[in-house]
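Note sheet for the following structure.
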Ligand code: URA
């Protein structure tokens with residue numbers, strides 16, 4: 001069925017370039033409704049591109065085609081664009097909208113949801129995790145899976161939580177707002193283009209203290225990795241005190257490290273009490 005193959009190739013080539021998870025799913029459902037039962041090739045063929053354009057008047061064998069000046073595509077700098085977009089945001093709603101409109105991070109195409117934040121904006125403690133996992137991607141909130149449940153227990157142990165009950169609330173976000181495929185580690189260019197949004201997020205919520213959870217967050221905010229060495233060592237991020245801590249997902253895999261995590265939580269609590 002050539003006409004169908006043509007349409008299919010068009011959908012496929014669009015899928016390779018632009019469309020997101022929701023559109024890809026709709027395209028797949030449409031193909032199934034149309035009766036597609038098998039794929040005939042791994043590589044899409046765009047029959048529209050293969051069609052020869054009709055010869056132009058005055059152009060044919062033996063007649064030189066007029067030279068058409070080719071305009072080079074303007075170079076895009078995803079980090080510079082992110083900086084401009086983030087800087088223009090004067091509140092969190094604008095920042096979320098700017099992230100949703102930002103086109104250069106490939107992760108958005110495979111994600112179901114943009115995972116922006118949870119907890120209480122303006123809380124004294126802001127927690128920065130790494131990236132959404134499967135549960136976060138499905139629900140659209142950070143730290144709602146197993147690691148999130150452990151995080152809630154850790155916070156409750158020092159009388160903190162994400163419920164909007166004022167004084168002891170926390171605010172939670174991630175370095176990346178979209179889930180990386182198969183939960184792979186974020187790539188340096190992905191971190192670099194999301195960093196201006198994260199920095200603006202911190203500036204807009206103005207916490208007293210940052211908790212930097214795991215290596216990816218340390219890389220993004222402190223410019224270094226090595227959480228085993230960094231944890232518990234207070235640092236500074238844009239003038240704010242920041243404490244690196246083991247990521248709860250790491251603690252699930254390495255329960256023996258909960259001892260150090262507990263020490264860091266007590267240190268955080270002491271810092272908050274001191275500033276009361
Ligand atoms: N791990 C993170 O770093 N963030 C989440 O939101 C969930 C798991």
_Some residue of the range 96-115 being within 11 Å of the ligand (Cβ to nearest atom), under 18 Å from residue 237 (Cβ atoms), under 16 Å from the mean Cα position of the chain (by Cα) and part of a loop (DSSP other than H, G, I, E, B)_ = no
_Among the residues of the range 162-173, are any in a loop (DSSP other than H, G, I, E, B) and in contact with a helix residue (DSSP H, G or I) (Cβ under 6 Å, 6 or more places away or on another chain)?_
no
_If the requirement is being on the phi > 0 side of the Ramachandran plot and more than 26 Å from the chain's Cα centre (by Cα), which of these qualifies: 159, 165?_
159
_Condition (residue is in a strand (DSSP E or B), within 16 Å of the ligand (Cβ to nearest atom) and either at pLDDT 95 or above or loosely packed, with under 15 Cβ neighbours inside 10 Å (or both)) applied to the range 212-220: is it met by at least one residue?_
yes
*asked:* Quick test of your reading of the structure: residue 103 fulfils all but one of (1) without any contact (Cβ under 8 Å) to a residue 60 or more places away in the chain; (2) touching a strand residue (DSSP E or B) at 6+ places or on another chain (Cβ under 8 Å). Name the failing condition by number.
replied: (2)
*Consider residue 115 carefully, then state whether it is surrounded by fewer than 15 Cβ atoms within 10 Å (Cβ to Cβ) and under 21 Å from residue 189 (Cα atoms).*
no
*In the range 227-241, is there at least one residue being in contact (Cβ under 8 Å) with a residue 40 or more places away in the chain and assigned to a helix (DSSP H, G or I)?*
no
*Members of the range 130-165 found to be touching a residue at least 40 places away in the same chain (Cβ under 8 Å) and either outside the structural domain of residue 206 (by TED's automatic domain parsing) or within 17 Å of residue 182 (Cα to Cα) (or both), listed by number*: 130, 131, 132, 133, 134, 136, 137, 143, 146, 147
*asked:* One residue is enough: does the range 179-199 have a residue meeting the conditions part of a strand (DSSP E or B) and touching a helix residue (DSSP H, G or I) at 6+ places or on another chain (Cβ under 6 Å)?
replied: no
*Of the residues 126, 154, which is in contact with a helix residue (DSSP H, G or I) (Cβ under 7 Å, 6 or more places away or on another chain), within 14 Å of the ligand (Cβ to nearest atom), under 15 Å from residue 245 (Cβ atoms) and not in a helix (DSSP H, G or I)?*
126
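The values are calculated or read from the model by the stated rules, or taken from the named source; none is laboratory data. Computed from a predicted model, the values in this text were never measured in an experiment. For neighbour counting, all protein chains shown are included, and Cβ atoms are generated from backbone atoms with ideal geometry for every residue, glycine included.
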